[in-house]
Amino acid sequence: MLDGLAFLPPTDVSAGMTHLRTIAPALAAPLVDYFDKTYVHGHYRQGRPQLGGIRMVRIAPMYPVQTWNVHDATLNDDPRTYNVSEAWNNKYRHLIGHQHPPPPPPPPPGGGGGGGGIPRSAWPSGSSCETPVKIF
């Protein structure tokens with residue numbers, strides 16, 4: 001639904017977002033709001049009042065339409081990603097030897113006494129609590 005906006009002409013993205021708001025289910029409203037504020041219309045915040053009234057200031061979207069829209073690239077059969085970014089990711093993958101970092105190791109059997117992986121010897125002396133107190 002939202003990903004289809006990337007294929008609209010940039011001048012039609014705003015109208016497309018308005019249309020999506022009318023057909024989106026109520027459960028999707030927070031996602032649609034987030035997408036609208038971040039990628040399409042931006043948001044408003046209160047500015048300095050003028051003449052006793054409230055002034056609203058429009059904040060541009062974090063990622064303007066021109067940065068993520070692929071309408072022209074699709075029509076021109078251009079790539080949608082840049083070779084530079086693909087090359088960087090490929091080099092990084094070969095450097096670390098993984099596509100993604102490995103998951104953290106599982107906790108030791110028995111849970112270690114509820115100390116969040118901190119051995120009891122590292123707890124403050126005289127501590128009788130189950131969770132260690134970290135002292136800086």
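Some notes on this structure:
- Dipole-positive endmost among 13, 44, 66 within segment 1-66 (Cβ charges, Cα centre): 44
- Charged side chains reduced to their Cβ positions (Lys and Arg at +1, Asp and Glu at -1) give segment 2-96 a dipole of some 600 debye around its Cα centre.
- Rounded to whole numbers, the Karplus 3J(HN,Hα) couplings from phi for segment 28-41 are 8, 4, x, 5, 5, 4, 4, 4, 4, 5, 7, 10, 10, 9 Hz, using 6.51 cos²θ - 1.76 cosθ + 1.60 with θ = phi - 60°, and x at Gly and Pro.
- Segment residue 63-residue 90, length gained on full extension (0.36 nm per residue, minus Cα span): 7.2 nm
- Pairwise label distance in nanometres, residue 15 with residue 54, each label 7 Å out on the Cα-Cβ vector: 3.2 nm
- Annotation for segment 14-47: chymotrypsin sites (Phe, Trp or Tyr not before Pro) lying in DSSP loop with at most 10 further Cβ atoms inside 10 Å of their Cβ do not exist.
- For segment 59-66, putting each phi into the Karplus relation 6.51 cos²θ - 1.76 cosθ + 1.60 with θ = phi - 60° gives couplings of 9, 5, x, 4, 10, x, 3, 4 Hz, in residue order, rounded to whole numbers and with x for Gly and Pro.
- Order by protection proxy (mean Cβ within 10 Å, highest first), peptides 69-78, 1-10: 1-10, 69-78
Just so you know, all these numbers are worked out from the coordinates, no wet-lab data involved. If you're wondering where the values come from, they're calculated on a predicted model, not measured in any experiment. Here Cβ is always computed from backbone atoms with ideal geometry, including for glycine, and neighbour counts include all displayed protein chains.
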